[in-house]
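Just below is one structure, and these are the notes that go with it.
Readers should treat all values here as calculations from the given coordinates under stated rules, not as data from a laboratory. A quick note: this is a predicted structure, and the numbers were derived from the prediction, not measured. Cβ coordinates were reconstructed from backbone atoms using ideal geometry, including for glycine residues, and neighbour counts include every protein chain displayed.
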Ligand code: GRF
């Protein structure tokens with residue numbers, strides 16, 4: 001059964017595109033019902049349009065507060081009967097309580113490092129500059145913290161051969177593109193129970 005997902009993106013949207021490719025290839029059982037963005041210039045918009053996916057824009061400047069903005073995002077998610085919210089390079093932290101409560105354990109994010117190491121922006125640069133030999137990719141549930149929600153999936157990547165932060169980013173991005181689709185697909189087969197900060201996959205009984 002396809003899981004109905006809403007994608008939130010602010011930028012180039014390569015994870016969004018990779019997800020659509022994996023869906024088309026039959027490896028990810030999901031349907032993207034809407035792209036929501038805070039950035040009217042996001043490249044992700046073109047990707048949505050060429051795939052006939054509706055686009056909704058919620059720009060910060062059009063709301064009095066972040067809470068109001070997140071409330072609008074919640075309304076949009078409800079409107080598209082969203083089952084899973086997939087953050088793919090969405091550059092704002094979701095803060096609105098009604099949104100986080102209504103979609104608790106149904107919002108996921110991908111982060112280009114092994115959390116809790118290197119949270120926040122420029123994680124690849126942080127890892128490179130720290131001289132880390134190993135970094136990786138984390139997919140986690142979103143809560144009000146910065147990259148701090150329960151971890152669903154992690155994959156290690158050897159970055160000891162990388163000569164710049166840009167090389168680290170490129171190496172991790174390839175892994176992100178496959179990993180995110182795998183995790184999204186898992187939601188078509190079950191759900192995650194979160195207990196004591198740990199997420200455990202519970203397959204659906206057929
Ligand atoms: C990715 O590195 C992702 O891990 C991070 O933001 C970046 C988004 O890239 N959260 P893209 O827009 O999917 O190309």
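Quick notes
- Relative contact order, percent, the stretch 25-110 [alpha-carbon distance under 8 Å, six or more residues apart]: 25
- Dimensionless Rg over Rh [the chain; C-alpha; Kirkwood]: 0.95
- Residue 75-residue 164 pseudo-label distance in nm [points 7 Å out on the Cα-to-Cβ vector]: 4.5
- C-alpha center-to-center spacing [the stretch 70-122, the stretch 158-186] in angstrom: 20
- Radius of gyration over Kirkwood radius for the stretch 1-85, both on Cα atoms: the Rg/Rh ratio is 0.98.
- Computed over the stretch 27-174: relative contact order in percent, which uses C-alpha pairs under 8 Å that are six or more apart: 16
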